[in-house]
Structure formats: C-alpha cells, structure tokens
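To keep things clear, I will list the structure first and then write my remarks on it.
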Amino acid sequence: MGRDRGLRGLGKVDLTKYARKERKMKKETKIAFLIMNCLMAVCFLVLQSPSARGIDLSGGIKTTLESPWPPPGQCPAYFTGGWHYDPKNLGYPLPQGVCAEGEWLAEGIIVERDVPVPMRDGVTLRANVYRPDKAGKFPVIMTFSTYTKAVSGWGQSHGVYPHMLSEETSFEFTDPGFWVPDDYVVVLVDPRGYGNSPGYRLGHRSGEDYYDGIEWAGTQEWSNGNVGMIGISALGNVQWYAAQLRPPHLKAIAPWEAGEAGPNPLFGGITEYGFRESVVRRGGSLPPDPNKGQYQPPQVPPSKLVLEDITVPALCCVTSSDQDKHTRGTLWGYRKISSKYKWMYSHSGRKWGRFYSADAKAFQKMFFDCFLKGSDSRILETPRVRMEVRETLDKFTVRYEDEFPIHRTKYEKLYLDARNGTLNFHKVKQPWKISYDSATADGRAEFNIKFDKDTELTGYMKLAVWVSPEDSKDMDLFVTVKKFDVNGNEVLFDNCHAPRRFPVALGWMRLSKRQLDPKLSTPWNPIQNFAVEDKVNPGQIVPAEIEIIFSSTLFREGETLRLVISGKTQVKSTRYKFEDINQGRHSIYTGGRYDSYLQVPVIPPKKIVSKLK
C-alpha cells in the first residue's frame with residue numbers, strides 16, 4: 001500500500017515493510033527477539049492513522065478527528081526497566097498497531113556519513129544522514145550532539161533494552177530505524193570542534209550554528225522543507241537555542257528532559273560536580289583534536305537564551321524522576337516559551353528507557369506527523385498536559401490536563417512543629433527548635449503528617465523555614481520529601497542514577513544565596529537571584545524560602561508524608577555529588593513568630609459536568 005508523502009492525508013500504514021523485515025531476520029535472531037518479547041513484550045508504535053486531511057501548516061489548522069479520544073486498542077502489558085505496566089494506565093493517545101522489534105532495517109535506508117554541512121563563517125560541520133532509499137521529499141528530524149554521532153546509544157541498562165532501538169542509534173538521540181521506514185530523514189550533526197567537525201568550541205552562543213544546520217537540512221533535494229528537532233539532555237538543550245532564532249525551516253521541536261532552560265544555571269547555589277565527571281567518563285568532553293582543526297578557545301562566549309522568542313510548536317518532556325538535573329529547567333522552558341502549540345509529556349520512569357518506549361514514541365510520532373507532514377491532526381485534539389501521577393514504584397495513573405500549573409491547584413501550608421516532629425494544617429503557637437549535626441549523613445530533622453483522605457500532590461512545593469547555623473556563617477540545606485505506606489514502609493520511586501530508591505521530591509539551598517528574584521518568583525515557586533552573598537553570624541536566626549522541584553504523587557488515606565531537612569543529600573546517587581561547606585550544628589525553628597511551613601500543591605478531583613438532554 002502506498003502513501004501520500006506530501007502535506008495531505010497520511011493514509012494507512014504500509015504493513016508490508018514489517019513482513020519484509022520478518023522474512024529477512026535470521027532464525028537465531030528471531031528466536032532471541034521472540035523470547036525477549038515474550039518476557040517483556042515491549043512495543044514499538046506503528047500508527048494506524050485516520051484520514052486526517054485539512055491541516056494547513058502555513059496558516060490556521062483545521063482538525064478532523066475521526067474517532068473518540070482516547071481511542072481503544074492497546075498493545076499488551078509490558079515490562080521495562082524491571083517494572084510491569086498495565087497499558088490502560090499508560091495513557092496512549094493512539095491505537096496500537098503491529099508490535100515490532102528494534103532491528104536495523106538495512107533495506108530501504110540510505111546511510112551517508114560525515115556529510116558536509118556549511119556554516120555562515122566558512123566552517124564545515126559533519127553529519128550523518130539517514131534517508132529513505134527512494135525518490136521523494138521527506139521531513140527531517142535532526143539535532144547536534146557534543147557526545148558526537150560516533151557514541152552509540154545505551155545497551156541493556158537504565159531501562160533501555162536492545163530490542164527497543166537499532167544499532168544505528170546514537171547516545172540520547174532518536175532511532176533512525178524507527179523514523180526512516182516511515183518516510184523521515186534523520187540527521188545528526190557533530191557540533192563545531194567535536195567529533196569530525198573542525199573549529200573552535202564556542203558553546204551555544206545564541207544558536208547560530210544550529211540555525212545554519214537547520215536551513216541546510218531544509219533545502220536539500222531530499223527534504224520537504226519541514227525540519228523538526230528531538231533529543232535528550234544536551235541534544236535537547238540545543239533546541240532551545242535553535243528555536244529562539246526562528247529558522248524558517250524549523251517547524252517543531254521536542255526537547256526531552258533538557259534542563260538548560262532554567263531561570264538560573266546553579267539551582268540552590270550549591271555546586272554539583274559529579275555530573276561533569278560522568279560526562280568525561282562517557283566521552284562527552286574529549287579534548288579537541290588539532291589534527292582535525294579543533295581547538296578550545298581561552299574563553300567560551302556566553303550563551304544567550306530568550307525563551308519568550310520561541311514560537312515553534314513544542315513537545316516538552318518533564319519528569320518527576322530526574323529532579324537532580326533536568327526536571328526544573330525543562331518545565332521552566334515549557335512554561336515560558338511563547339508557542340501557541342505546545343504539549344507537556346510528564347512521566348515517572350527512567351529518562352532513556354521512557355524516551356525509547358512505545359508510549360513516548362506514540363506522542364513523538366503523532367506530534368511530528370502533524371507539524372512536519374501535515375498528515376495527522378490528533379495531537380491538536382490531545383489535551384496539552386499528559387500528567388503521570390505516581391502511587392508506588394510499580395503503579396501510576398495517567399491523566400490529561402489543559403494547562404500547567406493546573407488551575408484548580410489548592411496550595412496548602414503544613415506548619416512544622418519541632419516539639420513533636422509533625423506537620424500541621426493549623427499554625428503552631430509554641431516556639432521550639434530542633435538541632436542536628438550538619439557534618440554527618442545521619443544529621444537531620446524530620447516532620448511527618450498522615451493523610452486522613454486520598455491526597456494528590458502535583459506541582460511545586462516550597463519550604464519556608466527559619467534556620468540558624470550555630471557554629472558557622474553559612475549552611476547548606478537539603479530538603480527531601482518522602483512517602484511512607486500505611487505499614488510504615490518507605491515508598492521509593494525510580495531514577496536513572498538512584499534506581500528504585502528515589503524519594504518524592506528534592507530541593508536544596510545555600511543560605512548565603514537565599515535572596516529571591518522578585519520578578520521571577522511566585523507565591524508557589526521561589527526563585528533565587530544570586531545577586532548578593534549574605535552570610536550570617538553564628539547563631540543568627542533567619543528565614544529562607546527553598547524551591548522544591550516539580551513532582552506528582554498520590555498519597556492514599558493513612559499514608560504519611562515525611563519532610564527531611566539535612567546538611568547532606570539524602571539520595572544515594574551514582575552520579576551527583578555536591579560541594580560541602582557545612583560545619584557544626586544546624587537548628588530549625590518552628591512555632592510562634594517562627595512560622596516555618598511546607599507548602600504543598602493539592603489537586604482536587606476534576607468536576608464532572610453532565611449535560612441534560
């Protein structure tokens with residue numbers, strides 16, 4: 001069955017290519033994949049699109065949804081990262097088609113390596129291009145990677161398994177084996193001074209190289225002129241800088257957990273150094289090679305990012321489980337960009353595993369099919385926010401909202417009482433303090449509340465607290481929100497670098513950097529400005545407002561929320577390490593004039609309005 005490759009109807013998916021693939025698989029490969037599928041049954045999405053016509057990318061967009069949303073028809077339940085999911089809770093917005101493995105389809109795909117991509121100043125970057133082996137003009141999905149196109153994707157780790165992606169997948173980039181058979185061109189570029197591209201490593205600047213690369217891709221003979229961008233982490237960050245310059249051929253971006261869009265680069269004011277060490281180990285910071293004409297300038301030009309200048313359609317992935325790196329900045333980017341068409345995909349799994357999963361690919365493909373092909377309008381009928389609400393490590397539910405922050409959020413203050421270690425809905429009258437040794441891992445203050453009804457907390461928390469460093473002029477405060485079930489067992493969640501042992505939410509602050517930015521802060525999201533360093537005298541009591549990073553968690557009746565305040569992080573991470581300045585004892589003051597409280601975002605159930613006939 002053929003298909004229209006232009007901006008008209010997508011038509012039906014060509015299932016014959018999967019039959020060809022099945023015939024070409026070697027017997028032993030088929031057996032291996034069959035066993036793996038029986039154990040995990042991880043689905044790649046093959047869309048059965050409606051005949052959606054009438055999308056005009058040059059102007060207004062008319063939708064022609066042909067079936068109720070969300071439509072029925074899910075893939076079987078499957079395993080990923082050790083978790084078992086019931087697909088009805090995954091929130092697929094699309095019907096599922098054939099479940100296919102992530103094998104590389106050599107037939108029908110042209111691979112061109114180190115293709116020259118000219119820049120405006122005469123430097124030539126190098127790219128790998130994957131495109132259909134047939135005549136036609138196709139939409140382009142691309143990005144730039146400082147990890148370089150030579151660094152392969154994950155094997156069986158971090159929730160990613162070999163059958164989820166093909167061997168041509170580069171680290172934190174999308175899989176060409178998924179897109180090219182569906183008539184997309186995939187391009188991955190080595191940035192200036194990395195991989196096989198010459199030049200000085202100039203950082204993002206304002207995104208000029210990305211602009212030139214996008215315009216090159218949009219004007220090639222195999223391109224239909226519509227370029228999209230996708231990628232995780234660093235490969236997502238470049239998209240913010242590219243989109244703010246508004247290249248004419250850039251039609252959509254999908255920054256997937258891309259944290260550089262945050263309001264400031266140093267969250268909390270405490271230096272974290274473990275991430276950079278891990279990047280070096282991964283190969284993302286190999287020194288420049290002079291033999292390739294690569295150099296490191298004495299000083300990298302500052303990067304300039306104006307999120308409000310971004311107007312291109314965007315699909316932003318935000319997660320409750322990557323709070324130590326990308327959650328905060330990606331969510332800030334989603335909130336601040338000016339795009340008329342923007343969607344937020346939230347999840348609670350491991351970022352690499354979820355990026356290559358069936359439900360994520362469903363969103364990605366539905367999004368790009370609309371804005372790069374003009375062939376599928378269902379994303380336009382999809383509510384703007386996919387919210388994944390965690391309950392336990394293995395259980396979550398998916399709900400759709402029209403906006404974030406959710407309009408019906410009720411911010412409740414839970415007042416700390418140091419006398420008995422409780423959190424209370426009413427103000428505490430009796431002043432009290434609790435102290436701990438800031439230099440030890442066990443030094444902490446704890447406060448608990450048991451919920452008397454099911455309570456969903458989705459959004460930003462904050463801690464407003466009176467504190468004192470008893471023996472020094474500064475202090476680092478780490479805030480951890482935990483969940484305990486009705487039997488008193490801690491309920492842990494997932495994270496790539498603290499797998500299956502991550503708490504509900506995190507925040508941290510250096511006290512001397514506590515001054516807030518009045519223009520950026522809101523009553524529910526305090527933002528530091530780092531304009532001054534305001535140290536205190538030993539024993540001096542001062543207030544501080546600490547931002548707690550976005551999360552979404554359901555507490556059942558009888559379950560407990562525990563607030564932990566400490567001098568060291570409570571997360572045993574394989575990657576993130578923090579500078580430590582703490583000395584001596586820290587004190588937390590509550591009650592009376594010391595009205596310390598934890599503010600939480602309570603989400604009431606949606607009101608169901610029935611129409612009378």
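The values are calculated or read from the model by the stated rules, or taken from the named source; none is laboratory data. Please read all numbers here as calculations on a predicted model, not as lab measurements. Quick reminder, even Gly has a Cβ in these numbers, built from the backbone with ideal geometry, and neighbours come from all protein chains shown.
In this structure, does T392 turn out to be modelled with pLDDT under 95, in a loop (DSSP other than H, G, I, E, B) and under 28 Å from F502 (Cα atoms)? It is true that T392 is modelled with pLDDT under 95, in a loop (DSSP other than H, G, I, E, B) and under 28 Å from F502 (Cα atoms). With (1) part of a loop (DSSP other than H, G, I, E, B); (2) among the acidic types (D, E); (3) within 30 Å of P248 (Cα to Cα) as the list, and D369 as the residue in question, which single condition is left unmet? With respect to (1) part of a loop (DSSP other than H, G, I, E, B); (2) among the acidic types (D, E); (3) within 30 Å of P248 (Cα to Cα), D369 is out only on (1). Within the stretch 225-246, at least one residue is assigned to a loop (DSSP other than H, G, I, E, B), in contact with a Ser or Thr (Cβ under 9 Å, 6 or more places away or on another chain) and not hydrophobic (A, V, I, L, M, F, W, C). Looking only at residues in the stretch 477-507 that are at pLDDT below 90 and not in a loop (DSSP other than H, G, I, E, B), which one is nearest to I541 (Cα to Cα)? Here the answer is F502. Does the stretch 247-264 include one or more residues that are touching an Asp or Glu at 6+ places or on another chain (Cβ under 9 Å), of a type in the set (A, V, I, L, M), modelled with pLDDT of 95 or more and not in a strand (DSSP E or B)? The answer is no, given that none of the residues of the stretch 247-264 is touching an Asp or Glu at 6+ places or on another chain (Cβ under 9 Å), of a type in the set (A, V, I, L, M), modelled with pLDDT of 95 or more and not in a strand (DSSP E or B). Going through (1) closer than 27 Å to K606 by Cα; (2) in contact with a helix residue (DSSP H, G or I) (Cβ under 6 Å, 6 or more places away or on another chain) one by one, F363 falls short only on (2). The set of residues from the stretch 508-525 being small (G, A, S) and in a loop (DSSP other than H, G, I, E, B) comprises just one member, S521.
Does at least one position in the stretch 569-578 carry a residue that is crowded, with 18+ Cβ neighbours inside 10 Å, touching a Leu at 6+ places or on another chain (Cβ under 6 Å) and aromatic (F, W, Y)? Within the stretch 569-578 (the criterion being crowded, with 18+ Cβ neighbours inside 10 Å, touching a Leu at 6+ places or on another chain (Cβ under 6 Å) and aromatic (F, W, Y)), the answer is no, since none of the residues qualifies. Checked against the criterion of being surrounded by fewer than 24 Cβ atoms within 10 Å (Cβ to Cβ), in contact (Cβ under 8 Å) with a residue 60 or more places away in the chain and over 28 Å from Q296 (Cβ atoms), the stretch 201-218 has at least one qualifying residue.
Suppose we filter D474, D442, D452 for residues that are surrounded by fewer than 20 Cβ atoms within 10 Å (Cβ to Cβ), without any contact (Cβ under 8 Å) to a residue 12 or more places away in the chain and part of a loop (DSSP other than H, G, I, E, B); which single one remains? Going through D474, D442, D452 in turn, just one is surrounded by fewer than 20 Cβ atoms within 10 Å (Cβ to Cβ), without any contact (Cβ under 8 Å) to a residue 12 or more places away in the chain and part of a loop (DSSP other than H, G, I, E, B): D442.
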